[in-house]
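Single-structure report; data block below.
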Amino acid sequence: MMSYLVRKGAIERRGQGLYAFPGSEPTDLVGMIAEKLAVVPQGIIGLQTALLLHGLTDELPGNIEIFVPDRNAPKRKLSEVTLHRVRGDIQRIRTKTIKGIPVTSVEQTLIDLLRNGTPLSQLIEIFRLAQRKRLRPSATELTRIAADFRIKGRAKVLVEALL
């Protein structure tokens, strides 16, 4: 029946098991993220999108950034989504749930941004903003995550700048 409705144009297929009325768009970012995660069930929101969900930026990211296990990444390209493949166990990524969505923790987000080449000054600013918003980011946790992702040297510079 769904295939028939898609062929007739009554509904459109947006992903495996995900259908919507033609031209309909989610009304908010959280709804759009939830729609994309329905296609990537093991996905974790990260980087700039995570900053937005934590309330640490007002900039809308160009694409929703999702970490996915390398072995379970979708074969098809998803519109408005940037997939970041994670080798090994995706469970090593520190997460928290915001509005029912798995999001990288503030510390994990900072380490991921550091790995992606975000300037140190910007990372310090984000950390300080997280402190002001009482999100309680931890320099100790930053060091632990850095060790897991093998960037202790670069993270040490960040932690020293924070202290």
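The values are calculated or read from the model by the stated rules, or taken from the named source; none is laboratory data. Every value quoted in this text rests on a predicted model; they were computed, and no experiment measured them. A quick note on method: Cβ atoms are made from the backbone with ideal geometry, for glycine too, and the neighbour counts reach across all protein chains shown. Heads up: the accessible areas ignore ligands, DNA and RNA and are worked out on the full protein's heavy atoms, side chains in. Shrake-Rupley method; radii C 1.70, N 1.55, O 1.52, S 1.80 Å.
Per-residue packing, averaged as other Cβ atoms within 10 Å, sorts the ranges 146-152, 80-86, 47-53 into the order 47-53, 80-86, 146-152, beginning with the highest. The distance between label points at Lys8 and Leu60 comes to 3.3 nm (points 7 Å beyond Cα on the Cα→Cβ vector). Label-to-label distance for Val157 and Asn72 is 3.5 nm, based on points extended 7 Å past Cα in the beta-carbon direction. Beyond 24 Å, the tail of the calculated P(r) for the chain holds 40 percent of the Cα pairs. If the reach is capped at under 15 angstrom between alpha carbons, list the aspartates and glutamates near Lys99, excluding any in the same chain fewer than eight residues apart. Straight-line reach from Lys99, under 15 Å: Asp28, Glu35.
Assuming 0.36 nm per residue, please report the length gained on full extension of the stretch Ser138 to Glu80 beyond their Cα-Cα distance. Don't skip to the end; give the middle numbers.
On the way: separation 58, 0.36 × 58 = 20.88 nm, distance 3.18 nm.
Contour length minus the Cα-Cα distance gives 17.7 nm.
I'd like the Kirkwood hydrodynamic radius of the stretch 52-122, using the inverse of the mean 1/r over distinct C-alpha pairs, in Å. This gives a value of 13.5 Å. A cut-off under 14 angstrom between Cβ atoms defines the neighbours of Met1, and their net charge, with Lys, Arg +1 and Asp, Glu -1, is +3.
Would you mind telling me the share, in percent, of accessible area of the stretch 1-132 contributed by carbon and sulfur at probe 1.4 angstrom? The value for the stretch 1-132 is 49 percent carbon and sulfur by accessible area.
A straight Cα-to-Cα reach below 21 Å connects Lys75 with the lysines Lys36, residues fewer than 8 places away in its own chain not being considered.
Rolling a 1.4 Å sphere over the protein heavy atoms, what is the accessible area per residue of the stretch 72-159, to the nearest Å²? Intermediate results must be reported in sequence, preceding the final value.
On the way: 5410 Å² over 88 residues.
Using a 1.4 Å probe on heavy atoms only, each residue of the stretch 72-159 averages 62 Å².
Bridging of Lys152 to lysines at a Cα separation below 25 Å is possible for Lys96, once same-chain residues fewer than 8 apart are set aside.
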